[in-house]
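K.L.:
Please see the structure below; I have some questions.
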Amino acid sequence: MVNSLIKTKLFVPPVRPNLVNRQRLLKILEEGYFQGCRLSLICAPAGYGKSMLAAQWLNQFKDGVNSKVEVSWLSLDKNDNDLVRFLSYLTAALGIDNSDFNTYRAIGMPQLPPTDILIPNLINDISKTSNQKIVLVLDDYQRIRLVQIHQTIELLLDHGPPNLHLVMITREDPPLALSRMRVQGELTEIRAKNLRFNQEESALFFNEVMNLKLEPDWVETLKTRTEGWIAGLQLAALSIRGREDIAEFLEKFRGSNRYVMDYLMDEVLTLQSQDIRKFLYQTSMLEKFNADLCTAITGREDSREVLSYLEQSNLFLIPLDNELKWYRYHHMFADFLRTELNSKEQIDALTKASAWFETKGLSAYAVEYALATGDYELAADKIKLALSIPQTWASGNVSMLERWLNILPGACVRSRPELQVRASRVLYLSGKINQASNLLDQAEQTLQSESVDAKEVQVQQQQVNVYRAAIAAMNGNIHQAEALMKKTITNVPKEDLLTQSRAYDTLGLIYEQSGNLDEAIKAYLTASDIALSAGVLYLAINALCEVAMVQITKGQLAEAMGTCQEALKIAGQEQNNIPPVGLAWVVLGEIKRRQNELSLSEDYLLKGINISQNGGIIDDIRHELVFLFNLRLSQRNWSGALDTLEQAELILNSYNIPRLSLFSSAMRVRLYLKNGDREKASYWAREYKYGITSDGTSDSVEYLMECEKITLARVGLAEMCFNEAAQILKRIIASARNAGRIGTLIEALILYAITARSQHMHNDASASLKEALTLAQPEGYIQVFIDEGNELHLLLSEYENQLRDPLLNPIINRLCLALDKIGQNNPNHLITNQRQKHKALLEQLTIQEHKILQLLSVGLSNLEIANELVVTLGTVKWHVHNIYGKLEVSSRTQALAQAKDLGIL
């Protein structure tokens, strides 16, 4: 996904009040629109007023009967020849640029889905936005060369929703099936012959718009000579201004459109002094500029005055701010000016611009201009410097940093060990762990050569150790990570704040992975403080978000909320949409989910994910999708949970790290269990236990695996392997209680209460439930109870007397209210109905059917049951059929689940 969008690309050009009215052309567009044409094609060479005609037509939709039409505009440039970038802008233009839409989520993933999946999602997303008519304008479409984008537009025209009308503005015919669309009556065309000014329009232009008051014969001459080419007429008008010899000028004014343009541009520039012409040429390579930058390029001290003159003379200078500090040239004018520069002059201007931006501390611009020179050695030096400056990392725009590196030839990176080390961090944050590790290997080999200064080797080696430790911790190799940090943490130079902050952030990750939460919080807070002092907002905010996530694990929801709010405060109002802020909102969303404020949780989560996806920090996005998955489960939105899970799996599995893949599979098993797919869950449990240790305890693993272990216990419960589930949960409870991992402890206690009740160990069950409620009460930690659904009903109902405690009344009352909201009966009233249904079913089931149900629950086949009861196989099948009917189910799995829910088993 594009790291940040240029919003002005989505603006409809303003229509000036004194613009020449093109009513004859507006009528063509309107007729095609109301006749149901899919495409309006406005195709002509540069300067024919294509964009302004479209803007005039769209202007009529603001009022009257057409006011309900939704207008979208996208101005294209050569950089849009990237499917992800194109779709990012397209979804923004259409208003489908949030995580409610499949296309937006897809383009935020590391790899786009195939076109046959992506395009139907795009079409469906557009269909969902509105029932109103939508007019989408693609301006400067001739800049698009990518076949995939043409295919996307083709499919959009063939299969798009009927309320979508596409307007394409281009200098050349697009590679679309135009002839077919003509035959089918789905194409409206406006060409150069239509766009040319006629006599009446030319007179209005010269006399009303340009205020020249030319005689009718002169207007006719200019119209004929330019063949109604609007840009030519405008350039002619500029040339005529201030002339007394208009007749003589007209006499020399001849030639085809191309020659007319050359002649007029020469005439416009000829009227300017040599100094002004030179200034225009020298500054034409700049995408935007101010007086100081112009001085650096041209060497003249009067740049401010020259810019003022150019603006007043309307010489294609466009102000970019209200203070008139920054400008750009009209693109067509700039392109023409650049043709007057040779290659050496162009590179010289770009090189000077890069150096100027570097002196101003604007390293990103310095890199962009250096890359534009094509001098990759220069660009590599600029990138190396930029990556060593904390401010480059401040916004967390990792996508931009990765793009720089992808442009550089490999040799430019390999010859610069410092760049290799810094680049490895970019790849790490982008989720490319193996590539990051390979770069560190290469850097160490280069550092060991004799040509590298010994002091430089020492500094770079400390950075290598920090980054290797982070990779080791990410892989779950905690002992290796600890060893690296022990010999590094005290040796990082005090002045290298960026590496220091990353070192403490890595230390926090090591402590967190090993379950030492208090030390993790201390390390993360230190990392945040150092990063803040260095001006690296990204890391300062991110480290606080990591603190908040640890606090959630400790059950400290209020403190976690305060930490997130502190992170948002660091960003402030001016930078409240930089990528790292997204994680803060998402963690707030997870807190609200755990407190059963699901609507607010969803708002926070989606807001945060939208912000984060602009930065390309995959490590943040993986956390965010996991939290969104949790929310979808809590909402009982199984399809939404599956959709989110598939997105999360794309990221988690792309790391090629076993622990993340295992975590991803555990998430899927939780969904299996919610959907009653016990067979797949059981298969995972067998594979999991086989892959870790023979008894499933995973003692040899260096990092915590509580999610996986709790999932294993849940599978055991579903399989009615209560002893096995109880043993797993007891170990988790003991470990979590000792380490203060209260969030984990609460969930494990609830599951143990369910397990103990199923084993008729009612004292253990009620005690575990009471402890869980006691721990959850102060922080409002209730969603973990509600997620258990009917099992919670049974626990609260059966142990109502044991739970009588004034201190627990608030949380029990909240649970009852929450259960009512999700369509469940209040447990205080459920017990009677539940027992009545239980009693009725027990009366319906015969003694033999009850025996068979018990044997089914321990996993015996029909044939094994027949042998056990000494009856025929047909008799067993008949009884099983009757059991299904009485329990109102259609499968063995459903029958056992229903019997368990009703307390029959």
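The values are calculated or read from the model by the stated rules, or taken from the named source; none is laboratory data. This is a predicted model, so every value here is computed, not measured. Note: ideal-geometry Cβ built from the backbone for every residue, glycine included; neighbour counts use all protein chains shown. Note: accessible area is taken over every heavy atom of the protein model, side chains too, but ligands, DNA and RNA are not part of it. Shrake-Rupley method; radii C 1.70, N 1.55, O 1.52, S 1.80 Å.
K.L.:
In debye to the nearest 20, how big a dipole does the chain give about its Cα centre with +1 on each Lys and Arg Cβ and -1 on each Asp and Glu Cβ?
P.N.:
1440 debye
K.L.:
Write down the Å³ per residue value for the convex hull defined by the alpha carbon atoms of the stretch 657-823.
P.N.:
117 Å³
K.L.:
Among the trypsin sites (Lys or Arg not before Pro) within the stretch 488-532, which fall in a DSSP loop and have no more than 11 other Cβ atoms within 10 Å of their own Cβ?
P.N.:
Lys494
K.L.:
Cα-based Rg of the stretch 548-637 per 2.2 N^0.38 Å, rounded to two decimals?
P.N.:
1.00
K.L.:
Explain nothing, just the number: relative contact order of the chain, from Cα pairs under 8 Å at least 6 residues apart, as a whole percent.
P.N.:
With pairs under 8 Å counted, the relative contact order is 7 percent.
K.L.:
For His623, tell me the accessible area in Å² from a 1.4 Å probe, rounded to the nearest 10.
P.N.:
50 Å²
K.L.:
Only bridges with both residues in the chain count here: give the DSSP antiparallel percent, nearest 5.
P.N.:
15 percent
K.L.:
Here is a further query. Which whole-angstrom value gives the distance between the alpha carbon centres of the stretch 539-573 and the stretch 844-905?
P.N.:
Value for the Cα centre distance between the two parts: 52 Å.
K.L.:
Another one. How big is the Cα convex hull of the stretch 347-450 in projection, averaged over all directions, in nm²?
P.N.:
The Cα convex hull of the stretch 347-450, projected and averaged over all directions, gives 6.5 nm².
K.L.:
May I pose another question? I need the semi-axes of the equivalent ellipsoid of the chain: take the C-alpha gyration tensor, multiply each eigenvalue by 5, square-root it, list largest first in whole angstrom.
P.N.:
64, 37, 22
K.L.:
Diagonalise the Cα gyration tensor of the stretch 190-243 and give the resulting equivalent ellipsoid semi-axes, square root of 5 times each eigenvalue, largest first, whole Å.
P.N.:
The answer is 18, 11, 10 Å, longest axis first.
K.L.:
Still on this model: Mind listing the long-range amide H neighbours of Thr188? Cut-off is under 5 Å, sequence gap 5 or more, other chains count too, H placed in the peptide plane at 1.01 Å from N.
P.N.:
Amide H neighbours of Thr188: Leu39, Ser40, Leu41.
K.L.:
Here's another thing I want to ask about it. Based on alpha-carbon centroids, what's the gap between the stretch 638-681 and the stretch 399-441 in Å, whole number please?
P.N.:
30 Å
K.L.:
Right, something else. What's the angle, to the nearest 10 degrees (0 to 90), between helix 847-857's Cα axis and the longest principal axis of the chain?
P.N.:
50 degrees
K.L.:
What does the charge count near Lys770 come to, summing +1 for each Lys or Arg and -1 for each Asp or Glu among other residues with Cβ under 14 Å from its Cβ?
P.N.:
-3
K.L.:
Round to the nearest 10 and report in Å² the accessible area of Arg85, as given by a 1.4 Å probe over the protein chains' heavy atoms.
P.N.:
My reading of the accessible area for Arg85 is about 50 Å².
K.L.:
The stretch 324-375: which trypsin sites (Lys or Arg not before Pro) are DSSP loop and have at most 15 other beta-carbon atoms within 10 angstrom?
P.N.:
Sites meeting the loop and neighbour criteria: Lys325, Lys360.
K.L.:
Shape verdict for the stretch 589-651, please, from the Cα gyration tensor: rounded (a/c under 1.5), prolate (a/b greater than b/c) or oblate.
P.N.:
Judged from the Cα gyration tensor, the stretch 589-651 comes out oblate (a/c at least 1.5, b/c at or above a/b).
K.L.:
Turning to a different aspect of this structure: Enter the accessible area of Lys680 (Å², nearest 10), with the probe set to 1.4 Å and all protein chains included.
P.N.:
110 Å²
K.L.:
Accessible area per residue for the stretch 379-478 in Å², computed with a 1.4 Å probe and the full protein assembly in place, what is it?
P.N.:
37 Å²
K.L.:
Of the listed pairs Lys278/Lys360; Lys384/Lys487; Lys674/Lys709, which have alpha-carbon separations greater than 19 Å here?
P.N.:
Over 19 Å Cα-Cα: Lys278/Lys360; Lys384/Lys487.
K.L.:
Quick one: ranking Thr8, Thr115 by accessible area, 1.4 Å probe, largest first, what do you get?
P.N.:
The ranking, largest first, comes out as Thr8, Thr115.
K.L.:
Next up: Please report, as a whole percent, how much of the solvent-accessible surface of the chain comes from carbon and sulfur atoms (probe radius 1.4 Å).
P.N.:
Carbon-and-sulfur percentage of accessible area, whole number: 49.
K.L.:
To continue, here is another question. Viscosity 0.692 mPa s, temperature 37 °C: give me the Stokes-Einstein translational D for the stretch 7-195 in µm²/s, with Rh taken as the Kirkwood radius over C-alpha pairs.
P.N.:
In µm²/s, the coefficient is 194.
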